[in-house]
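To keep things clear, I will list the structure first and then write my remarks on it.
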Amino acid sequence: MKSLDAYKAEQMKNPEFAAAYKELETEMNLIRALIDARNYRNMTQKELSERTGISQTEISRIENGARNPSIRLLQKLADGMDMLLKISFEPKNHVATN
């Protein structure tokens, strides 16, 4: 059985897969960060819901990628986990071609 990393490396050789992956990468990173933060605080979606007033269903939709949250909603989630929300712009890694 292949590891997830080995499978991903193999699939990234396919240009269509690589393009689709790049298109969703930022969204997936945000989802992973939210889930990791909630788990770090040992909170369930229900507990986060109770602390923020955001329905558990809404939190689930965000974590499943079915809902694109606003910055205001992300800030509310961060506050509910007693965490700081940081958003940054970073240079893309460009490979020089000659």
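Values in this text are rule-based calculations from the coordinates and carry no lab data. Because the structure is predicted, anything quoted here is derived from the model rather than measured. Positions of Cβ are backbone-derived with ideal geometry, glycine not excepted, and every protein chain shown enters the neighbour counts.
Give the number of residues within the range 67-82 that are on the phi > 0 side of the Ramachandran plot and buried (at least 17 other Cβ atoms within 10 Å of the Cβ). First the steps, then the outcome.
Quick first cut of the range 67-82, residues on the phi > 0 side of the Ramachandran plot only: 82.
After this cut, where a residue has to be buried (at least 17 other Cβ atoms within 10 Å of the Cβ) as well, the list is none.
Qualifying residue count for the region: 0.
Check Ala19, Ala78 and return the single one that is in contact with a Leu (Cβ under 8 Å, 6 or more places away or on another chain) and not hydroxyl-bearing (Ser, Thr, Tyr). Don't jump to the end; show me each part of the working.
Values: Ala19 fails: in contact with a Leu (Cβ under 8 Å, 6 or more places away or on another chain).
Of Ala19, Ala78, the one residue that is in contact with a Leu (Cβ under 8 Å, 6 or more places away or on another chain) and not hydroxyl-bearing (Ser, Thr, Tyr) is Ala78.
Among the residues of the range 54-63, is any surrounded by 16 or more Cβ atoms within 10 Å (Cβ to Cβ), within 21 Å of Lys22 (Cβ to Cβ) and either within 16 Å of the chain's Cα centre (by Cα) or of a type in the set (Lys, Arg) (or both)?
Within the range 54-63, none of the residues are surrounded by 16 or more Cβ atoms within 10 Å (Cβ to Cβ), within 21 Å of Lys22 (Cβ to Cβ) and either within 16 Å of the chain's Cα centre (by Cα) or of a type in the set (Lys, Arg) (or both).
What pairs come up if the first residue lies in the range 66-81 and is free of Cβ contacts under 8 Å to residues at least 24 places away in the same chain, the second is of a type in the set (Asp, Glu), and their beta carbons are under 8 Å apart, counting only those six or more places apart or on different chains?
Once the first residue is free of Cβ contacts under 8 Å to residues at least 24 places away in the same chain and sits in the range 66-81, its partners that are of a type in the set (Asp, Glu) give Arg67/Glu58.
Which one is nearest to Met81 (Cα to Cα), of the residues in the range 24-43 that are in a helix (DSSP H, G or I) and either touching a residue at least 60 places away in the same chain (Cβ under 8 Å) or charged (D, E, K, R) (or both)? Walk me through it before giving the result.
Pass one, the range 24-43, residues in a helix (DSSP H, G or I): 24-40.
Next cut, either touching a residue at least 60 places away in the same chain (Cβ under 8 Å) or charged (D, E, K, R) (or both) only: 25, 27, 32, 36, 38.
Working: Glu25: 24, Glu27: 20, Arg32: 15, Asp36: 11, Arg38: 7 Å.
Top of the filtered list is Arg38.
Anything in the range 1-46 that is exposed (fewer than 10 other Cβ atoms within 10 Å of the Cβ) and hydroxyl-bearing (Ser, Thr, Tyr)? List them, or say none.
Residues satisfying the conditions are Ser3, Thr26.
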